[in-house]
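Student: Questions regarding the structure given below will be posed in turn.
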Amino acid sequence: MEERSKSEEVSASKDQLELEIEEFLEAYLPKPGTVVAESPKVVHDGLWGTVRLDPAEICFLDTPLLQRLRQIHQTGCSYLTYPSTTHSRFEHTLGVMLQVQKLGEALIKYNPRERRLSTSDIQQIRFAALFHDLGHGPFSHASEEIYGIYPIFDSIRPENTNPNPHEILTYYILKSPRFKEYCQRISSDYQVPIPLDEIANYIIGSKTDFPFKRELINGPFDADKLDYLFRDSHFSGLPLSVDLDRLFYTVRLAEVKGETRLVVTHSGATPLEQILFSKMVLFTSVYQHHKVRASECMFAGIIEYMKEKNIPMKIKNKELKWASPIDFLWITDAEILSFGFETDYTELHDLIHNLFFRRLLKRALIISLRTIELQEGDRWIEFQRHAKKNSYSSKVRRDLAREIWERAGHPCLLQEIWVDLPQLPNLKAAEDTFVLPAEVAGVVPVSLNDLFPTGIWAHQYGLNKWRGHVFCPPHLRKPVGRAAKEVLEEKFGIRILPEAFLWCKVDPPAD
Amino acid sequence: MLPLAQNQKWTTFDAVKGLLAMLPEDRIPTRTPLLHQALYRLVQNTNFKKFLNDYVFDNRSYFPFARDFDTDLTNLEMSGHLSANNPGFTDYTIQPKLHKTFEKYTKDLFSPEELETLKKMADVFFEELEKLQAQT
């Protein structure tokens with residue numbers, strides 16, 4: 001059994017987690033009946049235009065629980081590289097609600113004979129869209145990469161599923177007594193059914209009696225993907241081309257492997273392929289851009305430093321020690337960054353200010369298929385295998401960073417040296433997306449990969465674009481690069497080529 | 001050389017290397033549903049389950065999917081142990097490197113009885129793949 005990281009002090013049980021969620025909701029969710037909305041609202045989104053909100057939805061939106069999402073960057077630290085990616089989880093949430101509406105209306109319009117989706121179904125799934133990112137912490141996936149490896153998730157993950165950690169936290173928030181009480185009051189006051197258990201299952205993607213409803217919010221081409229692909233590409237300035245109009249008029253419901261699922265007609269295959277390729281391009285160009293990864297390592301370094309030195313962060317009367325994933329829900333991006341101005345700990349102050357003022361870590365070394373030479377009998381796989389998000393691989397990468405730090409003569413804080421091996425996105429969606437070759441009785445939907453192996457080709461693209469890095473403070477690139485070269489070559493029997501340094505504008509060390 | 005972990009115990013990843021190294025043939029399909037379904041069937045066997053304990057199977061879709069198995073295959077491909085370079089990337093070829101790596105660095109982590117079970121696992125895995133391919 002792979003080792004777990006022993007340095008984590010985590011909430012050991014589901015009961016403890018539920019108590020912590022109740023404590024969090026006591027601070028972020030007002031008493032039922034406190035927030036009222038007398039009429040619908042119209043919000044103008046910069047990407048999609050007008051979003052209409054019903055009074056019941058406003059009663060959730062106008063709570064600190066949802067409003068905090070305004071202070072959480074959708075794409076984490078990427079705004080330090082792509083300056084316009086300052087969009088937040090809040091506007092993404094509104095965008096997903098709109099996409100649910102549009103997808104749902106398209107399904108009703110183009111499946112006239114068997115209306116298996118109703119307007120009240122769409123209303124319920126809009127609530128799922130409203131709640132779906134409640135479990136995100138500061139800098140979105142950057143904090144998820146930290147708390148997501150805590151062992152607690154092994155015990156709270158619903159059986160036979162493997163949702164993202166933030167989805168699991170969202171699930172437990174929705175299942176909490178305090179949230180249920182608030183929800184029941186809204187449901188009663190505004191005469192709107194809000195089936196929380198079903199909504200929680202949609203968000204986490206559990207098998208339900210109505211998989212096509214779940215797929216509107218958690219599926220291969222769900223509202224969440226449709227919004228973030230467009231939003232993130234728009235604000236990063238990367239023009240990605242997806243024919244969304246065509247997708248909407250080709251969505252259908254059909255029987256797939258004994259279930260009623262969301263499919264597209266044959267002419268909808270092209271936008272689906274575009275979605276898959278766009279996702280891979282976004283990953284390689286934006287989410288896994290080396291500067292974005294460097295800044296996320298810096299955020300991880302801040303948390304690591306605070307944990308090791310036992311420096312709590314106080315929010316109201318709550319002391320955050322990062323032992324529990326719920327600790328991450330108490331703060332937003334601005335709060336962690338402003339802590340740099342408050343703290344008396346000089347090193348912590350510097351770590352936070354380096355991120356705040358964009359004094360980013362830089363590449364000492366690039367790790368890729370083109371910058372290393374595998375030798376006879378190399379052990380490279382023992383390094384490459386740790387391009388994974390679990391506590392064991394995280395510990396191994398930190399241990400390796402420590403070794404490099406020691407070899408380089410402790411030139412900085414350990415929290416400023418990082419071995420970063422990003423995990424490629426999986427393209428399972430290509431197998432899980434179905435196309436109706438013809439709208440004729442008896443025709444069986446086929447997977448997108450059967451029409452054209454989209455997933456496989458996108459995977460090869462990602463494979464060839466993949467980069468791992470060793471990050472360090474800018475002025476230490478030469479000594480750290482040299483130390484990293486020595487350590488990696490000794491441990492894994494490979495040769496680091498001069499390109500590993502030249503591509504990051506560093507002179508290769510003399511052999 | 002020692003693996004990065006300080007102990008000498010095998011991990012699920014080592015078992016997967018062994019399984020691939022001991023397959024009766026050196027070609028398997030790359031199709032995700034086939035690979036993951038075949039592996040999931042191994043997990044249902046009490047004799048084999050312990051070798052795959054680190055994988056969490058997600059059954060929300062029509063086929064079970066283990067994220068870390070997917071990543072392990074990608075990493076094996078990136079490090080030259082598997083290659084999917086036929087024109088349509090439809091098959092993985094088990095490279096001689098994987099056999100060498102297993103023989104030299106991984107095999108000794110397992111007891112003789114465990115190796116025997118791994119060989120059986122490899123045979124069953126291959127049979128399951130063939131059955132699943134025939135159904136598609």
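Student: List every residue whose amide H lies under 5 Å from the amide H of residue B:92, counting only residues 5 or more places away in sequence or on a different chain, with H placed 1.01 Å from N in the peptide plane.
Tutor: B:28, B:30
Student: ³J(HN,Hα) across segment A:246-263 via Karplus (A = 6.51, B = -1.76, C = 1.60, θ = phi - 60°), whole Hz, x for Gly/Pro?
Tutor: Once rounded to whole Hz, the list reads 5, 4, 5, 8, 10, 6, 9, 10, 8, 7, 10, 6, x, 10, 7, 10, 7, 9.
Student: Something else about it: Subtract the Cα-Cα distance of residue A:310 and residue A:465 from 0.36 nm times their separation in residues, and report this length gain in nm to one decimal. Let's see the in-between values first.
Tutor: Values: separation 155, 0.36 × 155 = 55.80 nm, distance 3.88 nm.
Full extension from residue A:310 to residue A:465 adds 51.9 nm.
Student: Once amide H atoms are built 1.01 Å from N in the peptide plane, which residues 5 or more positions from residue A:45, or in another chain, come under 5 Å H to H?
Tutor: So residue A:45 has HN proximity to A:50, A:51.
Student: Still on this structure, please answer the following. How long is segment A:14-276 along each principal axis, judged by its Cα atoms, biggest number first, in Å?
Tutor: Taking max minus min along each principal axis of the Cα atoms, segment A:14-276 gives 50, 45, 41 Å.
Student: Oh, and also: Take the residue pairs A:485/A:505; A:428/A:465; B:104/B:131 and return only those whose Cα atoms are more than 22 Å apart. Don't jump to the answer; show the numbers that get you there.
Tutor: Working: A:485/A:505 16 Å; A:428/A:465 19 Å; B:104/B:131 32 Å.
Pairs exceeding the cut-off: B:104/B:131.
Student: If you don't mind, there's one more thing I want to ask. Please get the size of the charge dipole for segment A:14-276, origin at its Cα centre, with Cβ charges of +1 on Lys and Arg and -1 on Asp and Glu, quoted in debye to the nearest 20.
Tutor: Details: 27 positive and 36 negative charges, 134 e Å.
Rounded to the nearest 20 debye, it is 640 debye.
Student: Taking just the alpha carbons, could you work out the radius of gyration and Dmax for segment A:100-240, both in angstroms?
Tutor: In Å, with Rg to one decimal and Dmax whole: 16.2, 48.
Student: Stokes-Einstein D for segment A:65-165 at 10 °C, 1.306 mPa s, Kirkwood Rh over Cα pairs, in µm²/s?
Tutor: Details: Rh = 15.7 Å.
In µm²/s, the coefficient is 101.
Student: Okay, moving on. In Å, what Kirkwood hydrodynamic radius results for segment A:270-347 from the alpha-carbon pair distances?
Tutor: Values: mean 1/r = 0.0669 Å⁻¹.
In segment A:270-347 this quantity evaluates to 14.9 Å.
Student: Considering all projection directions equally, how large on average is the shadow of the alpha-carbon convex hull of segment A:383-511, in square nanometres?
Tutor: Numbers: hull surface 42.8 nm².
Result: a mean projected hull area of 10.7 nm².
Student: Using the charge dipole of the protein assembly as shown (Lys, Arg: +1 at Cβ; Asp, Glu: -1 at Cβ; taken about the Cα centre), state which of A:393, B:43, A:85 has its Cα farthest towards the positive end.
Tutor: A:85
Student: In whole angstrom, how long is each semi-axis of the equivalent ellipsoid of the protein assembly as shown, when you take the square root of 5 times every eigenvalue of its Cα gyration tensor and sort them from largest down? Kindly include the intermediate steps, with their values, before the conclusion.
Tutor: Values: eigenvalues 293, 217, 105 Å².
Ellipsoid semi-axes (Å, largest first): 38, 33, 23.
Student: Just from the alpha-carbon atoms, what are the Rg and Dmax of segment A:381-421 in angstroms?
Tutor: When restricted to the Cα atoms of segment A:381-421, Rg and Dmax are 10.5, 29 Å.
Student: Okay, moving on. Note down the magnitude of the dipole of segment A:7-124 about its Cα centre, charges +1 on Lys and Arg C-beta and -1 on Asp and Glu C-beta and zero elsewhere, to the nearest 20 debye.
Tutor: Details: 12 positive and 17 negative charges, 170 e Å.
My answer is approximately 820 debye.
Student: Then there is this: Based on the Cα coordinates of segment A:200-264, what is the per residue volume of their convex hull in Å³? Don't skip to the end; give the middle numbers.
Tutor: Working: hull volume 5.5 nm³, N = 65.
Convex hull volume per residue, Cα atoms: 85 Å³.
Student: Still on this model: Suppose every Lys and Arg Cβ carries +1 and every Asp and Glu Cβ carries -1, with no other charges. What dipole size does chain A come out with about its Cα centre, to the nearest 20 debye? Don't skip to the answer; put the middle values down first.
Tutor: Details: 62 positive and 70 negative charges, 165 e Å.
With Lys and Arg at +1 and Asp and Glu at -1, about 800 debye.
Student: Taking H placed 1.01 Å from N in the peptide plane, check which residues at least 5 places from residue A:88 or on another chain put their amide H under 5 Å from its amide H.
Tutor: Under 5 Å from the amide H of residue A:88 lie the amide H atoms of A:74, each far enough along the sequence or on another chain.
Student: Would you mind listing how long segment A:236-293 runs along its three principal axes, going by Cα atoms, in whole Å with the largest first?
Tutor: 45, 24, 12
Student: Would you work out which of A:76, A:235, A:27 lies farthest towards the positive end of the dipole of segment A:14-276, given +1 charges on the beta-carbon of Lys and Arg and -1 on that of Asp and Glu, about the Cα centre?
Tutor: Going by the Cα projections, it comes out as A:235.
Student: Under the 0.36 nm per residue contour assumption, what length would be gained going from the current alpha-carbon distance of residue A:209 and residue A:341 to full extension?
Tutor: That pair, residue A:209 and residue A:341, stretches by 42.4 nm at full extension.
Student: For segment B:1-81, just run the numbers: alpha carbon Rg, then divide by 2.2 N^0.38 Å, N being how many residues it has. Mind dumping the intermediate values first?
Tutor: Numbers: Rg = 13.2 Å, N = 81, 2.2 N^0.38 = 11.7 Å.
That works out to 1.13 for segment B:1-81.
Student: I've got another one for you. May I ask what percent, to the nearest 5, of DSSP beta bridges between residues of the protein assembly as shown are antiparallel? Working shown, then result.
Tutor: On the way: 35 of 38 bridges.
Here the antiparallel bridges make up roughly 90 percent for the protein assembly as shown.
Student: Next up: Given labels modelled 7 Å from the Cα in the Cβ direction, how far is it in nm from residue A:257 to residue A:507?
Tutor: Once both label points are built, they end up 5.8 nm from each other.
Student: Now for a separate question. Taking the Cα atoms of segment A:157-305, report the difference between the largest and smallest coordinate on each principal axis, in whole Å and largest first.
Tutor: That works out to 53, 47, 33 Å along the principal axes.
Student: I've got another one for you. On average, how much area does the Cα convex hull of segment A:108-147 cover when viewed from any direction, in nm²?
Tutor: 4.2
Student: Any number yet on Rg/Rh for segment A:22-66, C-alpha, Kirkwood? Can you show the working numbers first?
Tutor: Working: Rg = 12.6 Å, Rh = 11.7 Å.
A ratio of 1.07.
Student: What do you get for Rg/Rh of segment B:12-135 when both radii come from the Cα atoms and Rh is the Kirkwood radius? It would help to have the intermediate numbers written out before the result.
Tutor: Details: Rg = 13.6 Å, Rh = 14.6 Å.
Reported Rg/Rh (Cα atoms, Kirkwood Rh): 0.93.
Readers should treat all values here as calculations from the given coordinates under stated rules, not as data from a laboratory. Bear in mind that the values here come from a model prediction, so they are computed numbers and not experimental data. So basically every Cβ, Gly included, is an ideal-geometry build from the backbone, and we count neighbours across all protein chains shown.
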